[in-house]
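One structure below.
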Amino acid sequence: MDKTNIASHVENPDLVDRRRKQIVAAATKLFSDQGFYRTKIKEIAKLAGVSPGLVYLYVREKEDVLLLVLLQVVEDYAIEIPKAIEGITDPLERLIRAVDAYCRVVDRHRSATVLAYRSTKSLSPERRLLIQEREIATNSIISDALIACISQKLIRPVNVDVLTYQLVLIAHGWALKSWFYKSRLTLDEYINHNVDNMLRGILTKAGQRSGSAAIRCESACKVTHLGGM
């Protein structure tokens, strides 16, 4: 059984996907602006340009909509982060590209990222666990890159769980504190400053000498420079 357990009265999967994207876009804005509990299905329908009755063809209840909003974000993590590191064997470069990709997904889903902090508690326990499991699976990409860096003595031994979630919080911070950062830094600058700060504290001398201490984040079209440490 699908653990999301979101029933639809429509059998055409393409139509279900298209309509749910409309509903999710409207719900993300309304949930973010006025909160999950104060938002009504009829308001979501109006903003989405459909009737309330049509919404109920694709979801059973408002909690289904919240789950779809949150799943959209974690599923983008699961797609974009592996894509960013595909074919990359250098563990430091894999680590940096993973963090870069994470930040860029957050940038595309700033409202939904903030909403996840506010409203995940509104899901049923089973659904909260589903979101957590999917996030943990994605975050293991960062953990694995850190473990590989440690095993090759490119970074010093660290608590991998702690550093993994520090890096996750860096990505989330772009959304959580966007009111501050957006007027001061571009996303590229935010990523590069944070990667620089992170690596300065953990690179070994071997890591600095390896040539991986200055890695081009291709998606940012910039080089993270860590010389002179």
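For (1) touching a residue at least 40 places away in the same chain (Cβ under 8 Å); (2) farther than 24 Å from G87 by Cβ, each residue gets a yes or a no:
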| residue | (1), (2) |
| --- | --- |
| D100 | yes, no |
| S111 | yes, yes |
| A116 | yes, yes |
| Q132 | no, yes |
| E135 | yes, yes |
| I142 | yes, no |
| L167 | yes, no |
| I170 | yes, yes |
| G173 | no, yes |
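Scanning segment 74-94 for residues that are out of contact with any strand residue (DSSP E or B) (no Cβ under 7 Å at 6 or more places or on another chain), in a helix (DSSP H, G or I) and of a type in the set (A, V, I, L, M, F, W, C) turns up V74, A78, I79, I81, A84, I85.
Yes/no matrix, rows are residues, columns are (1) in a helix (DSSP H, G or I); (2) modelled with pLDDT under 90; (3) more than 30 Å from T39 (Cα to Cα); (4) of a type in the set (A, V, I, L, M, F, W, C):
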| residue | (1), (2), (3), (4) |
| --- | --- |
| I96 | yes, no, yes, yes |
| D100 | yes, no, yes, no |
| C103 | yes, no, no, yes |
| E126 | yes, no, no, no |
| S143 | yes, no, yes, no |
| K153 | no, no, yes, no |
| F180 | yes, no, no, yes |
| Y190 | yes, no, yes, no |
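Given T28, T89, which one is out of contact with any Gly (no Cβ under 6 Å at 6 or more places or on another chain), among the polar types (S, T, N, Q) and closer than 20 Å to R127 by Cβ? Please lay out each step first, then the result.
On the way: T89 fails: closer than 20 Å to R127 by Cβ.
Exactly one residue qualifies, and that residue is T28.
Among all residues of segment 112-135, there is none that is more than 30 Å from V24 (Cα to Cα), surrounded by 12 or more Cβ atoms within 10 Å (Cβ to Cβ) and not hydroxyl-bearing (S, T, Y). Annotation note: of L54, L47, L15, L71, the sole residue that is within 19 Å of V114 (Cα to Cα) and not in a loop (DSSP other than H, G, I, E, B) is L71.
Y58 - would you say it is of a type outside the set (A, V, I, L, M, F, W, C), in contact (Cβ under 8 Å) with a residue 40 or more places away in the chain and either closer than 20 Å to L176 by Cα or touching a Leu at 6+ places or on another chain (Cβ under 6 Å) (or both)? So Y58 fails the test.
Applying the selection to segment 88-141, what residues are of a type in the set (S, T, Y) and within 15 Å of L169 (Cβ to Cβ)? Within segment 88-141, Y102, T113, Y117, T138 meet the criteria.
The values are calculated or read from the model by the stated rules, or taken from the named source; none is laboratory data. Here the structure is a predicted model, which means the values were calculated and not measured. Backbone-built Cβ (ideal geometry, glycine too); neighbour counts: all protein chains shown.
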